[in-house]
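Take a look at the structure set out below.
Bear in mind that the values in this text are calculations on the coordinates, not laboratory data. Keep in mind it's a predicted model, so treat the numbers as computed, not measured. FYI the Cβ positions are ideal-geometry reconstructions off the backbone, even for glycines, and counts take in every protein chain you see.
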Number of protein chains: 4
Amino acid sequence: MINENSIILAAEKETGRTEDFSDGVFAVAITLLVLEVLNVPHAPEGRPFSAGELATALGHNWTVYVTFLISFSTILIMWMNHHAMFKLVQKTDGVFMFANGFLLLLVTLVPFPTQLLGEYLAAPAAVTAAAVYAGLFVFISLAYIGLWWAAALRRNLLRPDVTATQIQQRTRANMVGLPAYLVAFACAFWSPFLSVAICSVLWIFWAFTSSRL
Amino acid sequence: MINENSIILAAEKETGRTEDFSDGVFAVAITLLVLEVLNVPHAPEGRPFSAGELATALGHNWTVYVTFLISFSTILIMWMNHHAMFKLVQKTDGVFMFANGFLLLLVTLVPFPTQLLGEYLAAPAAVTAAAVYAGLFVFISLAYIGLWWAAALRRNLLRPDVTATQIQQRTRANMVGLPAYLVAFACAFWSPFLSVAICSVLWIFWAFTSSRL
Amino acid sequence: MINENSIILAAEKETGRTEDFSDGVFAVAITLLVLEVLNVPHAPEGRPFSAGELATALGHNWTVYVTFLISFSTILIMWMNHHAMFKLVQKTDGVFMFANGFLLLLVTLVPFPTQLLGEYLAAPAAVTAAAVYAGLFVFISLAYIGLWWAAALRRNLLRPDVTATQIQQRTRANMVGLPAYLVAFACAFWSPFLSVAICSVLWIFWAFTSSRL
Amino acid sequence: MINENSIILAAEKETGRTEDFSDGVFAVAITLLVLEVLNVPHAPEGRPFSAGELATALGHNWTVYVTFLISFSTILIMWMNHHAMFKLVQKTDGVFMFANGFLLLLVTLVPFPTQLLGEYLAAPAAVTAAAVYAGLFVFISLAYIGLWWAAALRRNLLRPDVTATQIQQRTRANMVGLPAYLVAFACAFWSPFLSVAICSVLWIFWAFTSSRL
């Protein structure tokens, strides 16, 4: 009853449920961004808004919209990268599951610094908000490196048809993120806007990298 | 080990996970509507509500209920359309993934203008709220056109058994939404209620269109 | 390339994605209950709570806990029933999809009257809160009857191996809910507690019914 | 048309949908933690924060971050355990479904005591908050024992290839949690910090246990 085929099938099923759970966390985190960061403006002194005042109040929140766009795009790219990496993986083990869990922890955190940055990007405390934002992505870069290490470098959990070139490409792509986000983190203390600009440019870079892999 | 069958299988798996992720985003967005727009009324001056006063306070929120119903129905139809489109798709590529990501971005945004419209539809600022609401659906129409373009017109990612008639029907159905929502957007500046009425009529139209496709 | 098998496969896939989406909505709605109804109590005049005061403040929210328990159990049973019904269904059509959409609309609404009832069950406005709560379940009973009608009675979308006895059992089980929730709704105007008690007894009844089917 | 294979297939499908629903609940609950517990600090008297003040205000919430980390890790381990247990299960019945439902009820509750503990761990009411937190995990231990009893001990719902050793290992692993969390609960009345420390140590213990199973 237990032959090689059924073992491969069980392994596939295991990866499948980890992917489903990860997809669920990514999907909820990306959808919660709106709930966390976008708030309907209210007229300050009880008198109702005129149409123009409501438009002005909405326009005033531009930092919130910019931050929302960057965070949404970054989570989407992160999901695509996760997706692309898992397509190469056939088996899971304990270390891989924890590396994935650590990544998911950081993904669920994204709405919080997004809210922080949306609120404080145009305020005197922008330095702190941008440092926390870029700092989270430094950790996320580390988590992707750790996940790939657990999948490919520590013990081979990959599908037998994955080539050495594919492994090298992904290893190199992962290594680009960390220094770039470290630069964004360092820039936050000098120019919060530049730090946020680097984070935006990075997801566009990921977008092109991930579609090539 | 890698033959034509396994390539088709891998392609199917890829579409599968994109569908799962999209379904997750649609499901969370549609369920968050309640959290965003419906609030339990509280007695204003600390004295507890009588049964009649609570009923009156609940009834007073009718704009919220109407907006909730329209948004829920529209997201549901959008999901059905997404579902119907993906049934025709066999492969994905980078452009298709981004077109889908852009659509999901707009889907997660729906609760925000819904809340805005629910709060301001019967207030002086209704013009702004209705314009934002209809404006989002203009963008969503564009996103559906873009997704279909990426799936069928730019490069053929469709299943081999999809007929030219099916492609034409869907292309035409997608082209109806954009002008209709543009009219709803223009109407918002003149009569917010008419604009919302057009948005309601549209999801009923989509409902019949999508069940035919 | 298109033979009978591939058609059956496509039909199964279609039901599968509707189930996944429905499961997503049920899962999010049941998990949002906590977010909607349970709130950490705060010391009223700024002075911090002592351990005993916090315990008292938590105990004071007993109506919230009771309502949470009833709503969670009811959504869980509703999901099981949905699950049991979909196991019999092989195909979907437009009417079935809309009947399912209407049911999901009502499922996403459950957190709102739960919050209302939790807040007002021990207050003078309990009559209104209990009537809204029981009233929603009257509509949910109607939605289950409609879904079953769309699946089995209007056009046969069921699997070929479903027996006439199975159809009759389910038809009868669905018909019990509506009068029972109508009684709960009517009782709300006379005794809110009795109305809530009937709603509790009902999910226990569903529990036994659904495990037999 | 109905042979032994199709019955096994149907049974697998049934477990599959219960797993999907459970995964959805776990994924939403773990992602909602951020929404429930992390709040952007606001400057108290209307004057905007300086960068240093915002950093101080963020650092002041350390109890929230510690509690978030413990709860996230515990839900993740609980999901892995759930996952590992379901891999052994082939069939479901009513009692198993209710045992799973009871577990999910407790899982959705986790964000509430997490928020309570994050807010009160460094306050005079820490005793109450820690007792509620540890108390919930006492119930969760009971729920895991109940689920395993329903799957393996009451009636055999396991796959035919599960060995007696595997059953014994899991039975013993489940029995460790209950006394440990009872000790954490008792400690809460004497030292809330010790109680929280025991809860932290426990998820690390689960991590090693679950990866061995």
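Here are some notes:
- Relative contact order %, chain D, counting alpha carbon pairs below 8 Å whose residues are six or more apart: 25
- Each distinct pair of alpha carbons in the protein assembly as shown adds a 1/r term; the inverse of their mean, the Kirkwood radius, is 28.3 Å.
- Restraint check, A:87/C:91; A:91/D:91; A:87/D:87; B:87/D:91; B:87/D:87; C:91/D:91, Cα-Cα greater than 28 Å: A:87/C:91; B:87/D:91; B:87/D:87
- When only the Cβ of Lys, Arg, Asp and Glu is charged (+1, +1, -1, -1), the dipole of chain B relative to its Cα centre reaches about 580 debye.
- Other residues within the sphere of radius under 13 Å centred on the Cβ of residue C:39, judged by their own Cβ, net out at -4 (K and R +1, D and E -1).
- Segment residue A:139-residue A:197, extension gain: residue separation times 0.36 nm, minus the distance between their alpha carbons: 19.0 nm
- Label geometry 7 Å along the beta-carbon vector: residue D:59 inter-copy distances in nm: 4.0, 4.0, 5.7
- Taking the centroid of alpha carbons for each part, the stretch C:135-195 and the stretch A:177-191 are 59 Å apart.
- Residue C:205-residue C:165 FRET efficiency (beta carbon distance; Förster radius 25 Å; 0.05 resolution): 0.75
- Nearest-ten-degree value, helix A:4-37 long axis tilted from longest Cα axis of chain A: 0
- Translational diffusion coefficient (Stokes-Einstein; Kirkwood radius from C-alpha pairs) of chain D at 20 °C, 1.002 mPa s, in µm²/s: 114
- Only helices enter this figure: runs of n ≥ 4 DSSP H residues, each worth -39500 (n - 2.57), summed and divided by the residues of chain D, yield -27000 deg cm²/dmol at 222 nm to the nearest 500.
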